[in-house]
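Report on one structure; see the data block that follows.
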Amino acid sequence: MLIVEHFFLIACDPRAGLPVWPRRSQNAGPIAAAALLLDLTTQRRLHLRQSQLHADAQVPLTYPLLTDALHALVAHPVSAQSALELVARRLHPLSEKVLDGLFRRDLVHRSESRRWLLQKQVRYPLRSVQARNEAVMRMRKAAHAEDDLHGLALLLLADVTGLLPQHLDAREHEHATQRLLALNRTDISSDEVLATFASIRIALLA
C-alpha cells in the first residue's frame, strides 16, 4: 500500500469519513501531494540535486496516482515547494482520488450528500478496521525502526499535521521526534533519500 493511502487511512475520521487533523493550516491537497512525493522518493524516482527535485520516468510505475504525479514533475527540475504545488494542482482533487482508490478496494465506504447551494460533499467512513490498524502500527513501529522509510514518511506527515501525539505513546513520540529532527542534519552526501525527505518536510512547514 502507498504511503499516501496509509496516511489517509490514519487521518480519515472512521465515522465522519473526512480527513481531519489538529493543524488546520495544512490543507489536504498539499499533504496528499507530499505523500506522493515521499512515495516517489522511496521508489528512487525523485532525486535531490542542488536543492531541486529531478523526476525519473524511464520505467513505468504500477500505481496510476504515482504515475500521474511523476508525469507532472518530469518536464524539468523544481524545488520541493513547487513540486507540492504542481502535483496538488495537476491531480486536484487529490485527497478525494486517494480515498476513491481505497473505496474501490473495499477499505472505506463512500457516500455523497448535497450541502448548502447544492455543493457536493463526499464522505468515506471506515470499512476495514484492520487496514487502519495496520497503518497505525506501521507508523508506531517506525519510531524505532531506522530502516523503514515508509514508516518514517508516515511519521513525517503525522508530525506536520499534528496527528503524532494521537497515535503514539510518550516513548514512541520521543523516538519519533528524534528521528524527524535528525532529518535537519541530513545532507545529500550522506543520504540522498533522507535529504529529499527533509526538503519535502521543510516545504510543508514553510
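The values are calculated or read from the model by the stated rules, or taken from the named source; none is laboratory data. Since we're looking at a predicted model, the values are computed, not measured. Methodologically, a virtual Cβ is constructed for each residue, glycine included, from the backbone with ideal geometry; neighbour enumeration extends over all protein chains shown.
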Legend entry - Failed item in (1) under 17 Å from Leu94 (Cβ atoms); (2) β-branched (Val, Ile, Thr); (3) touching a residue at least 24 places away in the same chain (Cβ under 8 Å), with Val20 passing the rest: (3)
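With the structure loaded, tell me whether His92 is loosely packed, with under 15 Cβ neighbours inside 10 Å, in contact (Cβ under 8 Å) with a residue 24 or more places away in the chain, in contact with a Phe, Trp or Tyr (Cβ under 7 Å, 6 or more places away or on another chain) and of a type outside the set (Gly, Ala, Ser) or whether it fails that test.
Against the criterion (loosely packed, with under 15 Cβ neighbours inside 10 Å, in contact (Cβ under 8 Å) with a residue 24 or more places away in the chain, in contact with a Phe, Trp or Tyr (Cβ under 7 Å, 6 or more places away or on another chain) and of a type outside the set (Gly, Ala, Ser)), His92 does not qualify.
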Inset, instruction - Would you point out which residue out of Val108, Val98, Val78 is out of contact with any Gly (no Cβ under 8 Å at 6 or more places or on another chain) and under 21 Å from Ala158 (Cβ atoms)? - result: Val98
Inset, instruction - Would you be able to say whether some residue in segment 101-109 is at pLDDT 95 or above, outside any helix (DSSP H, G or I), crowded, with 19+ Cβ neighbours inside 10 Å and β-branched (Val, Ile, Thr)? - result: yes
